1. Let me have the 222 nm mean residue ellipticity of the chain computed from DSSP H runs of 4+ only, each contributing -39500 (n - 2.57), with the sum over all residues rounded to the nearest 500.
2. Under a cut-off of 21 Å between alpha-carbon atoms, report the lysines in cross-link reach of Lys732, not counting same-chain residues fewer than 8 places apart.
3. Heavy-atom accessible area per residue, the chain, 1.4 Å probe: how many Å²?
4. State the percentage of accessible surface on the chain attributable to carbon and sulfur atoms; use a 1.4 Å probe and exclude ligands, DNA and RNA.
5. If you take every DSSP beta bridge whose two residues both sit in the chain, what share of them, in percent to the nearest 5, is antiparallel?
6. So how tilted is helix 32-55 from the main axis of the chain? Cα-based, degrees 0 to 90, rounded to 10.
7. Show me the ranking of peptides 817-826, 90-99 by mean Cβ neighbours inside 10 Å, starting with the highest.
8. Find the percent of Cα-Cα distances in the stretch 470-547 that exceed 21 Å, and round it to a whole number.
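The values are calculated or read from the model by the stated rules, or taken from the named source; none is laboratory data. As the structure is a prediction and not an experimental result, all values here were calculated from the model. So basically every Cβ, Gly included, is an ideal-geometry build from the backbone, and we count neighbours across all protein chains shown. The protein model used for the area step is the full one, side chains on, heavy atoms only, and it has no ligands, DNA or RNA in it. Shrake-Rupley method; radii C 1.70, N 1.55, O 1.52, S 1.80 Å.
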Amino acid sequence: MSPREALRHPALLVGLVLALMAAGVRFAGMPVDVVTQIAVYTLYGLGVNFLIGYLGLVPFGASLYFGVASYAVAIGMSHFGGNEAVAFAGSVAFTTLLAVLSGFVILRRRGVYFSLLTLACSQLAFEIAYRWTDFTGGENGLQIASRPYFESARGFAALVIAGVVVACAVLWTIAHSSFGRRMQAVRDNERRAGCLGIDVFQVKLWAFTIAGATIGVAGSGMALLLRGAYANPLSWQQAGDAVLMVALGGVEHFLGALWGAIAFIVLENKLSAWSENWWLYFAPIIIVLAFVNPGGIHGLLRRMRGRAGRTLAREEVPPAPAAVEAYAPAQRGQEAAADDTPVLEVRGLSKRFGSIVTQNAIDLCVAPRGVHSVIGPNGAGKTTLFNLLTGLLEPDAGSIRLRGRELAGVPAHRRTRLGLSRSFQIVSVFHSLTVFENVRVAVEAAAGGAASLLRDPYRDPGGHPRVWQLLGAVGLAERASRRCDDLSHGEKRLLDIAMSLAADAPLLLLDEPLAGLSESDRELVGGIIRSIARTRAVLLIEHDIDRVLALSDRITVLHMGRVIADGPPSEVAAHEAVREAYLGARRPGQPAPAREERPAAPEDARELLRCRGLSAGYGGSLAIRDIDFEVRTGEIVALLGRNGVGKSTLLKTLMGMLRHADGQLSLDGRDIGRKPSFLRRRLGIALVPEGRRLFPNLTVAENLRLAQRPGGARFAEVCALFPKIAVLARAKAENLSGGERQMVAIARALMAPNKVILLDEPFEGLAPVVVAEVKAAVLKLREFASVVIVEHNAEEALELADRAYVLVSGRVAFSGSARQLEQDHELQERLLGIHGEDTAAGQAPAARSGADRIHGEHDGHPQASR
């Protein structure tokens, strides 16, 4: 640790603040015991925030360990001849054991149930302590006659402050250790952490134990300070004091516990001396602070210094090495390379959700090398199949064998360690961690073994080259220090893929890895898949049929939970049932449908939405600059650009989800620049976000009814637009496929009156037949409102749009007619990276060529290019 880092260490600041308070209390006319109490409560708050801030668990009943530790000290003092050191050590050991045992039970639940279980345990302990008079002293408590080694109040205060400083240093070290980063990963995304090979329950139990031990140290100190143990801290009235202190100080900041303890103790002492009903005055202060500054006292101090963000851990990343080797999958041994035994065998796999059958006696065999693709229409059961293979769902029947081992009952993290890695259809990353830390957690989890509690991995660069190699492979090395929240959707997709590659697993499951990516990034990921498939198996779900046919060695087609075709690409492409189910193909002899003409925008269209000089960004860094953009009545506008250029940022700014730093924004001639998002929605701007963001626990009908407003579309009208919604009305949103969610998300936007509808990646992850259905619906949307489309597939967007904007590096590089951009292939290649031969007049675009091959329209004999 450098001298500069040592001076900035939070433990040093804690010690300095408490020492200055101890030295200054005599001038304030306060006893030094007040500072000792603040120190004890600081440690109490640090233990509680170790769970809240780093793990996302709110222990309302953490007072259980605080109060039990107090009684353990008092009982120990009476049995060990008044030796406070022995009693203290015994108390901490007992409290730690109690945390382990209770954690095994309490951690089986999460969220509000976890909080209530901790509170119930604390109240149970209170009842025992209050009523077991012979053992606990009842309401009189247990008295400690003396502190033979620390009779001096100042000496005891110095000891407690020193102990708190040491505890702070230890907790700060753990927060930056491999274990601490795993805690933060679990906090952000339990499912993703498990699929990286992290034992989520084990991480929680260790963290719970550490927090319980820390709180036990604080409780032991409080018993020695008060020279007794009492039942009151265990009661529900005082159980939430530590949570309140942490909230006052700032749960997103390591030092929040210090400022919260100071504010809580000082205000309590002053207000209680003034009035018996001091909570009547304390509560409004808390309410005002919560509204004025939800980041707590520490957050307010940072805002005053022009800073933002969390301070639970350092966010800087280690420097990149001077030279980084190009990514290459780890080589397998000669024996493994020569083994042709199937890596995955699935027999009779079945799964249903109520009356919906998602898998019906699925049989699947995956070779040890090559690309095996699984395709099918949206809702066919492809992602559910991946969830069954990785242990996120349990099958109703059937067998799954990975490299000859039966996987029944094996949890997700162990399946990963056995050689199965995956990416997710809906991007799954650790949103509050940096890009570098996301991949580093994945690399370390892939290495196996227990995470270190005290070693900072940044001090040991052994795993860093692999992290930089993976980031370079997906083109994110320059974004390594950015938090995931600041990435575009496409960049998050690339990060998800990099995390999946970290395991070098014999079987890699990729769920729509090309969804939401630009053409250049699709080529990049396609190259990675090809390189992996030379030595390993890749099971691929993808709707880009052209690339599926080009990449695959074998294709399995699912429809309505059943396998309807399985074989080489050329054989599957010729299958009549595949054409009918996946592409909505016409039957032999049926004439080709005429391409629907795009209706022109009204000639008298007036300006509806307008922004001038608009700039916005994240954390002080601008993502879009000086944007001039307008939407007229009755038109469709395409907003195009490569990943990370600011398209989604612009939509969020238009919707009010992101404050603009500069510029003007008006809707129908009315300034809306300062209006929050809910008011903009009422004024007529609707956003259909990337990722759909439905309420998973509600049914389709409930999601739509929740958005219903007078003047909006009726349920029957959205069912006419998307007939499948009527069938899915009672299905929960969490059980829908990607295409079904997209339909519901668009329908939800129509349930209220609209002037402008913002569609963010509306065709992402959709089967060709569903893309056609959604495109037809978008054309009909102009009957309700103007439409803005953000879409990585420029061809699809330009086919619909009247006008187009192209963003490059956060600025408008093109604005004009969609026809002009559609026909200028050189301009598309320069601004969007789309090769002219893909969109040249008279040639089949990449997105269509695979579909054409399945239709068999080139020469009557469909072939799959390799």
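1. Computed mean residue ellipticity for the chain: -14500 deg cm²/dmol.
2. Cα-Cα hits under 21 Å: Lys351, Lys382, Lys724.
3. Values: 36650 Å² over 866 residues.
Here the residues of the chain average 42 Å² of exposed surface.
4. Details: 20370 of 36650 Å².
The value for the chain is 56 percent carbon and sulfur by accessible area.
5. Details: 45 of 80 bridges.
Of those bridges, close to 55 percent are antiparallel.
6. That helix lies at roughly 20 degrees to the long axis.
7. 90-99, 817-826
8. Percent of Cα pairs beyond 21 Å in the stretch 470-547: 23.
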